[in-house]
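The values are calculated or read from the model by the stated rules, or taken from the named source; none is laboratory data. Owing to the predicted nature of the structure, the values given are computational and were not obtained by experimental measurement. Cβ coordinates were reconstructed from backbone atoms using ideal geometry, including for glycine residues, and neighbour counts include every protein chain displayed.
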There are 2 protein chains.
Amino acid sequence: MTKRTQILEVATRLVALKGFKDSTMKELAKITGVAHGTIFYHYKSKEDLFVSILEEIKNELVQGFNDFLSAKQADSGLEMVEDVVRFYLNMAGVKEDQFLLLHRHYAYELAKTNTACRKSLESIYDCFVDIFEKAILKGQQDGSIMDVSARKTALILFTMVDGLVRLNTYNLYDAGALYEDLILSINKILKKPKSVT
Amino acid sequence: MTKRTQILEVATRLVALKGFKDSTMKELAKITGVAHGTIFYHYKSKEDLFVSILEEIKNELVQGFNDFLSAKQADSGLEMVEDVVRFYLNMAGVKEDQFLLLHRHYAYELAKTNTACRKSLESIYDCFVDIFEKAILKGQQDGSIMDVSARKTALILFTMVDGLVRLNTYNLYDAGALYEDLILSINKILKKPKSVT
DNA sequence: TTAGAAACTGACTGATCAATCAGTCAAATT
DNA sequence: AATTTGACTGATTGATCAGTCAGTTTCTAA
């Protein structure tokens with residue numbers, strides 16, 4: 001692995017854990033095992049490094065969700081929504097650093113002035129919401145999901161799932177105990193009542 | 001208004017807007033119109049000032065939610081849940097700075113080492129979840145809400161509503177357009193089906 | 001073999017920050 | 001009138017930071 005890649009990996013973990021401002025390039029250099037100046041040889045500034053981190057996160061997450069989408073296609077739409085929720089929660093555990101970083105404010109503040117940053121964030125969130133929307137649309141075609149606005153409902157499901165991930169991060173409540181209740185609630189929102197035609 | 005209070009008010013807005021690290025005491029002094037040293041006369045450190053900010057937020061929010069609770073008592077439990085949701089969304093608009101600050105990471109990081117900070121956060125979130133739980137329990141007594149774990153469901157509703165507030169903050173989607181759909185979804189989660197005894 | 005390019009180093013710089021502290025001043029107390 | 005107190009001031013300090021740069025090492029291709 002090149003030093004450039006090593007720096008990016010360690011920086012992701014560091015910024016996720018401590019935030020952008022509290023992560024110093026000195027510490028990053030020390031942990032990575034390179035000289036302070038090497039970071040600036042590969043990335044022209046701290047902000048530039050952050051944009052690269054976000055781009056890498058975007059690539060990994062979009063890749064991961066697309067892989068999931070092309071692998072799973074058999075179930076009903078309603079079952080697919082469940083699968084998406086479980087996959088999302090699983091990804092949030094596996095790629096904890098990436099999700100933690102996405103839940104910090106710095107990226108969204110930088111997005112106001114930095115185009116590349118905004119593009120990455122948009123790609124990530126569109127990817128998240130799209131996958132819920134696709135599952136809902138599928139469910140409406142196969143009759144397992146009731147007639148609701150797919151996009152709006154997708155956004156609501158996303159906020160529910162992502163909210164739970166966040167609750168975990170904050171450590172105020174035991175969010176893990178809520179996973180099954182969350183899926184039950186989502187079922188109630190979506191499930192088409194037995195038709196009475 | 002005393003300078004001490006003025007400093008606290010301006011600091012709340014400043015830290016909500018820019019985050020703890022990016023808010024400088026120099027700027028705070030300038031905006032408030034006091035000398036740099038005055039801040040340290042009233043608050044022994046920047047961190048101490050932040051704890052005071054959080055305590056003030058706790059007092060205001062807990063007060064606000066308790067006022068709401070003692071005013072509203074007539075409706076059915078299900079209607080009360082709706083009222084709580086609307087009140088929460090309204091408060092998030094009125095007290096935008098306070099909610100924004102609560103959605104930042106610094107408070108939760110400080111809570112790991114600072115007891116007063118942790119206590120304030122716990123009071124705030126317990127207050128939020130309790131009010132949902134009370135409405136659900138009421139609905140289960142009057143028969144408008146189905147038999148579910150009140151506490152767990154309260155947490156899920158809270159993550160839904162708070163997630164929507166957050167979505168607004170991030171400016172990625174138009175969350176305002178989702179308010180009515182959110183309330184519909186919550187209704188589906190809670191509403192007791194017509195009994196078939 | 002070697003010359004030039006690319007990768008890397010770490011001491012250094014200037015800027016910025018929280019916090020300090022000696023001192024001012026007006027109001028309260030004696 | 002004399003003294004004390006508490007609110008307030010702003011220049012100063014020492015620490016820390018991102019970023020620079022002159023110099024060194026490693027790689028590459030002819």
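Selection of helices (runs of 4 or more DSSP H) fully inside segment B:1-85 by the criterion of at least 2 residues being crowded, with 17+ Cβ neighbours inside 10 Å and more than 14 Å from DNA strand D (Cβ to nearest atom) returns B:3-18, B:46-71.
Kindly check whether there is at least one residue in segment A:127-148 that is at pLDDT below 95, more than 8 Å from chain B (Cβ to nearest Cβ) and within 17 Å of the chain's Cα centre (by Cα). No, segment A:127-148 has no match at all. From the list B:Ile186, B:Ile124, B:Ile145, the lone residue that is of a type in the set (Val, Ile, Thr) and within 30 Å of B:Thr12 (Cβ to Cβ) is B:Ile124. Kindly evaluate A:Thr24 against the criterion of being within 12 Å of DNA strand C (Cβ to nearest atom) and within 14 Å of chain B (Cβ to nearest Cβ). Yes.
Check A:Phe99, A:Phe65 and return the single one that is in contact (Cβ under 8 Å) with a residue 24 or more places away in the chain and touching a Cys at 6+ places or on another chain (Cβ under 6 Å). The unique qualifying residue is A:Phe65. Mind checking which pairs have a first residue in segment B:34-45 that is aromatic (Phe, Trp, Tyr) and a second that is crowded, with 16+ Cβ neighbours inside 10 Å, Cβ under 7 Å, 6 or more apart or different chains? Qualifying pairs under 7 Å: B:Tyr43/B:Leu49; B:Tyr43/B:Ser52. The residues in segment A:88-117 that are surrounded by 18 or more Cβ atoms within 10 Å (Cβ to Cβ) and either among the aromatic types (Phe, Trp, Tyr) or assigned to a helix (DSSP H, G or I) (or both) can be counted, and the count is 14. Residues in segment B:55-83 that are among the small types (Gly, Ala, Ser) and farther than 30 Å from B:Tyr43 by Cβ: B:Ser70, B:Ala71, B:Ala74, B:Ser76, B:Gly77. Checked against (1) farther than 27 Å from B:Asp174 by Cβ; (2) among the hydrophobic types (A, V, I, L, M, F, W, C); (3) modelled with pLDDT under 95, A:Leu167 meets all criteria but (1). For A:Gly139, indicate whether it is touching a residue at least 24 places away in the same chain (Cβ under 8 Å), assigned to a helix (DSSP H, G or I) and in contact with a helix residue (DSSP H, G or I) (Cβ under 7 Å, 6 or more places away or on another chain). Yes: the conditions hold for A:Gly139. All conditions but one from (1) at pLDDT below 95; (2) under 23 Å from A:Ile156 (Cβ atoms); (3) not acidic (Asp, Glu) apply to A:Gly64; the one that does not is (1). From the list B:Ala11, B:Ala16, B:Ala74, B:Ala29, the lone residue that is more than 30 Å from A:Asn168 (Cα to Cα), out of contact with any strand residue (DSSP E or B) (no Cβ under 6 Å at 6 or more places or on another chain) and within 16 Å of DNA strand C (Cβ to nearest atom) is B:Ala29.
In segment A:154-185, what residues are more than 7 Å from every other protein chain (Cβ to nearest Cβ) and either surrounded by 18 or more Cβ atoms within 10 Å (Cβ to Cβ) or under 15 Å from the mean Cα position of the chain (by Cα) (or both)? Correct list: A:Ala154, A:Leu157, A:Phe158, A:Val161, A:Val165, A:Arg166, A:Asn168, A:Thr169, A:Ala175.
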